[in-house]
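The structure appears right after this line, and notes come after that.
The values are calculated or read from the model by the stated rules, or taken from the named source; none is laboratory data. Owing to the predicted nature of the structure, the values given are computational and were not obtained by experimental measurement. Note that we place each Cβ from the backbone using ideal geometry, even for glycine, and neighbour counts take in every protein chain shown. To get the accessible areas, we keep the full protein, side chains included, count just its heavy atoms, and leave off ligands, DNA and RNA. Shrake-Rupley method; radii C 1.70, N 1.55, O 1.52, S 1.80 Å.
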Amino acid sequence: MTTDEVGDPTALPDLLDQVDSPVDLFLADGAYDGEPTSGLLVARFGSTIEVTIPPPKNAVLSPNAAQDPTVRDRHIAEIAARGRMAWQKATGYNQRSWGETLMGRWETIIGPKLKARNFENQKTEARIGVRVLNRITDLGRPSFERTA
């Protein structure tokens, strides 16, 4: 959680500081598009991390894309050749919709805005909301047991 003055890419280093296990795949929206994000992810998790961020519709290939294409160059080329929906399916980007669904659930059940006025109380409110949603999710999951 951040204040309104902090953008997504700016908050990323602090978010990654909270991760204490290996990361193989990073899915993010277009706000994270660019070399700073890609460079940070490679520095933190190594060159084997798979970074899937949609380039904007007007994205162009890097100057040396023909000789040494970046992951972003490959994404741009695949979108141009097959279309954005096919690219999403091929890269697994559509998995990101699960996170978006969870955020939609938050807004429906908890509400679109926090009620607390100061940042510390907002963080507490968010923690309570997360616990509530996790509890609801746990209650709603089916349990399967073999009977024969």
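Descriptive notes on the structure:
- Of the residues making up the range 1-40, those that are without any contact (Cβ under 8 Å) to a residue 24 or more places away in the chain, part of a helix (DSSP H, G or I) and not polar (S, T, N, Q) are Ala11, Asp14, Leu15, Asp17, Glu35, Gly39.
- Checking each residue in the range 108-143 for being assigned to a loop (DSSP other than H, G, I, E, B), open to solvent by 70 Å² or more (accessible area, probe 1.4 Å) and more than 18 Å from Thr3 (Cα to Cα) picks out Arg141, Pro142, Ser143.
- If the condition is being surrounded by 11 or more Cβ atoms within 10 Å (Cβ to Cβ) and either more than 26 Å from Pro13 (Cα to Cα) or not aliphatic (A, V, I, L, M) (or both), then the range 39-48 contributes Arg44, Phe45, Gly46.
- Exactly one residue among Gly83, Gly92 is within 25 Å of Leu15 (Cα to Cα) and among the small types (Gly, Ala, Ser), and that residue is Gly92.
- Ala28 satisfies every condition listed in (1) over 22 Å from Trp98 (Cα atoms); (2) small (Gly, Ala, Ser); (3) within 14 Å of the chain's Cα centre (by Cα) except (1).
- Flag set for Leu16, criterion: modelled with pLDDT of 90 or more, open to solvent by less than 90 Å² (accessible area, probe 1.4 Å) and closer than 30 Å to Glu125 by Cβ.
- Residue match in the range 82-90 (condition: assigned to a loop (DSSP other than H, G, I, E, B) and either more than 15 Å from Asp29 (Cα to Cα) or among the β-branched types (Val, Ile, Thr) (or both)): yes
- Residue that is nearest to the chain's Cα centre (by Cα) [pool: residues in the range 49-103 that are open to solvent by 90 Å² or more (accessible area, probe 1.4 Å) and of a type in the set (A, V, I, L, M, F, W, C)]: Trp98
- Contact annotation: residue pairs with Cβ atoms under 6 Å, 6 or more positions apart or on different chains, pairing a residue in the range 118-145 that is closer than 14 Å to Thr108 by Cα with a partner that is surrounded by 10 or more Cβ atoms within 10 Å (Cβ to Cβ), are Gly129/Ile110.
- Search result, residues across the range 41-64 that are of a type in the set (Lys, Arg) and either modelled with pLDDT under 90 or assigned to a helix (DSSP H, G or I) (or both): Arg44
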